[in-house]
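Inspection log for the structure reproduced underneath, given as structure tokens.
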Amino acid sequence: MESYARHVDLAPTKVIKLPGGGKLELVLIPAGQFTMGTPGPKPPQDTVFLGQVILVAGIAAAVAMFVLANFRAVIRRRRMQFSLGWLVGFVVCVGVAMLGATQWWQTDEAWREYAAAMARYRTALKSETPAHSVTLTRPFYMGKYEVTQEQHEAVMRTLPCTLIGLDFPVVNVTWDEAQEFCRRVGDFVQETVRLPTEAEWEFAARAGTNTIYYSGDTEPDLLRVACCDTPRSKSGALQFVGRKEPNRFGLYDMLGNAWEWCLDNSGAYTAEPATDPVGRTDEENEVHYLRGGAFAYNADFCRCARRFVFDGSRATASRVPDAGFRIVLEPAAPTQ
């Protein structure tokens with residue numbers, strides 16, 4: 001990231017000192033391309049039948065060799081004897097049978113995983129598909145952490161949530177309030193500060209990965225980076241920021257802890273490639289999207305591609321008990 005920052009003549013990190021005390025830490029997110037949304041799972045190679053054939057052939061050959069050895073012993077009226085060649089052949093037949101059984105089991109397991117992936121995919125069809133290519137042509141700075149209660153109080157002089165801890169994410173925030181926070185910080189530093197677009201948020205969360213979570217595909221992978229409510233997690237409660245591991249861009253809590261408001265309503269996806277997409281951002285918009293999951297939600301809600309639509313009479317002014325936000329700052333200097 002430092003080499004990229006030098007290339008575009010920008011600092012890799014940025015710190016905003018707030019007027020009421022405290023500071024906001026930001027990291028540089030590079031321009032780039034990624035696949036936005038949830039792609040359909042690819043079916044595994046269907047070799048169940050082949051595995052069955054190999055298994056049956058191996059067993060049949062081993063049994064045939066054993067029967068033949070017994071038959072020869074009866075004809076010659078002597079005890080059954082096994083030569084070295086016979087033993088080698090028998091072991092080869094058993095090995096072939098084991099290979100077939102392994103192939104059969106692995107393929108069957110792959111198909112079970114595919115069926116589970118298809119079930120997840122069907123739940124995502126309405127809002128996360130079709131997956132499509134998105135290109136972001138400009139780098140930007142994003143908050144290293146979710147905006148905390150201390151930072152919100154320093155700027156807004158009020159807290160919308162019951163005080164849990166100043167280093168915890170601020171929650172119960174409306175989209176309007178998040179916008180106002182960004183406006184005040186932007187006025188103070190004389191730069192453009194705003195919420196991230198959906199495309200910027202997902203690009204920053206994935207950080208170059210294409211797995212279900214930016215830490216991998218399994219629940220243990222998720223729990224390394226996210227505070228959420230799963231059977232394996234020890235706590236489904238809001239946690240202080242930065243407790244878990246960051247992603248490759250150095251961003252903390254992009255999954256779990258608190259939902260994060262996005263600037264725009266991207267609406268339904270299309271398969272067409274997009275460049276710097278921005279959906280509706282007007283204040284009268286009745287639909288807004290939250291990203292990242294939250295402490296009280298399960299692993300499915302904490303996927304990188306997960307979109308949580310908040311649809312109200314006026315979504316911008318409605319409170320979501322576990323929703324917070326993080327900021328984006330647009331670089332003032334031109335880049336190469």
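The values are calculated or read from the model by the stated rules, or taken from the named source; none is laboratory data. Keep in mind the model is a prediction, meaning the values are calculated, not measured. Neighbour counts are summed over all protein chains in view; Cβ atoms, including those assigned to glycine, are modelled from backbone coordinates with ideal geometry.
Which ones in the range 14-30 are over 15 Å from Arg138 (Cα atoms), among the β-branched types (Val, Ile, Thr) and touching a residue at least 24 places away in the same chain (Cβ under 8 Å)?
Matches in the range 14-30: Ile16 only.
Within the range 215-235, is even one residue within 20 Å of Ile29 (Cα to Cα) and more than 13 Å from the chain's Cα centre (by Cα)?
Among the residues of the range 215-235, not one is within 20 Å of Ile29 (Cα to Cα) and more than 13 Å from the chain's Cα centre (by Cα), which makes the answer no.
Report the residue count in the range 1-19 for those that are part of a helix (DSSP H, G or I) and either within 27 Å of the chain's Cα centre (by Cα) or surrounded by 14 or more Cβ atoms within 10 Å (Cβ to Cβ) (or both).
4
Which one is modelled with the lowest pLDDT, of the residues in the range 212-257 that are more than 14 Å from Arg303 (Cβ to Cβ) and among the hydroxyl-bearing types (Ser, Thr, Tyr)?
Ser235
Using the structure shown, decide if Phe71 is part of a helix (DSSP H, G or I) and either modelled with pLDDT under 75 or under 30 Å from Val185 (Cβ atoms) (or both).
When the stated conditions are applied, Phe71 passes them.
Out of (1) touching a strand residue (DSSP E or B) at 6+ places or on another chain (Cβ under 8 Å); (2) over 21 Å from His132 (Cβ atoms), the odd one out for Tyr289 is which?
(2)
Considering Val147, Val170, Val134, which residue is in contact with a Cys (Cβ under 9 Å, 6 or more places away or on another chain) and either at pLDDT 95 or above or among the hydroxyl-bearing types (Ser, Thr, Tyr) (or both)?
Of Val147, Val170, Val134, the one residue that is in contact with a Cys (Cβ under 9 Å, 6 or more places away or on another chain) and either at pLDDT 95 or above or among the hydroxyl-bearing types (Ser, Thr, Tyr) (or both) is Val170.
Please note which helices (runs of 4 or more DSSP H) are completely contained in the range 123-238 and include at least 1 residues that are buried (at least 22 other Cβ atoms within 10 Å of the Cβ) and not aliphatic (A, V, I, L, M).
Correct list: 149-156, 175-189, 198-206.
Could you please give the count of residues in the range 273-308 that are modelled with pLDDT of 95 or more, on the phi < 0 side of the Ramachandran plot and charged (D, E, K, R)?
1
Which numbered condition in (1) at pLDDT 90 or above; (2) under 20 Å from Glu180 (Cα atoms) is the only one that Pro321 fails?
Only one criterion is unmet by Pro321, namely (1).
Quick one: how many residues across the range 20-33 are surrounded by fewer than 19 Cβ atoms within 10 Å (Cβ to Cβ) and part of a strand (DSSP E or B)?
Of the residues in the range 20-33, 4 are surrounded by fewer than 19 Cβ atoms within 10 Å (Cβ to Cβ) and part of a strand (DSSP E or B).
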